[in-house]
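All remarks here apply to the structure that follows.
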């Protein structure tokens, strides 16, 4: 995704729409090729939180598993590292989350993860809290990645007093 024909706005537009459409490999390539892009971390975390299918590892075929076990039996290496099995969605999340943790303090991160407030009464309500959206969608790998950096986020409660674990149970996502 390099070349003189790409303007900054074109890259921003393409990056967002690739992420929204599930083309995480292209979105990751744009982020890697253009680290100067100003990432809207809240938007991209919100998009990734809603896409648990992007974090699923591809199931290996029977023939691939047989070949790998045969190579393993003879102590021959077939893969260079386990990191190759990471999905592009996870790589994109790691890049965006890494950017957020390097450039923001904890208070700003917590405020960003709340999402935009909505006002149904005098008090603001936060209906699109990013971790809770991920818990509702069953996006375990997304949640684990964020909690790996800030474990105290698991104790945060929504407006109804629920943690991400309450939400996961309500939506029957046992993996969380």
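Structure notes:
- Taking 0.36 nm per residue of sequence separation and removing the Cα-Cα distance, the residue 57/residue 155 pair yields an extension gain of 32.5 nm.
- Peptides ranked, highest mean first, by Cβ atoms within 10 Å: ranges 36-43, 50-57, 130-137, 92-99: 130-137, 92-99, 50-57, 36-43
- Put a dot 7 Å past the Cα of residue 13, heading toward its Cβ, do the same for residue 104, and the two dots end up 2.6 nm apart.
Bear in mind these aren't lab numbers, they're just calculated from the coordinates by the rules spelled out. No experiment lies behind these values; they were computed from the predicted model shown. Positions of Cβ are generated from backbone atoms using ideal geometry, with glycine treated the same way; all protein chains shown enter the neighbour counts.
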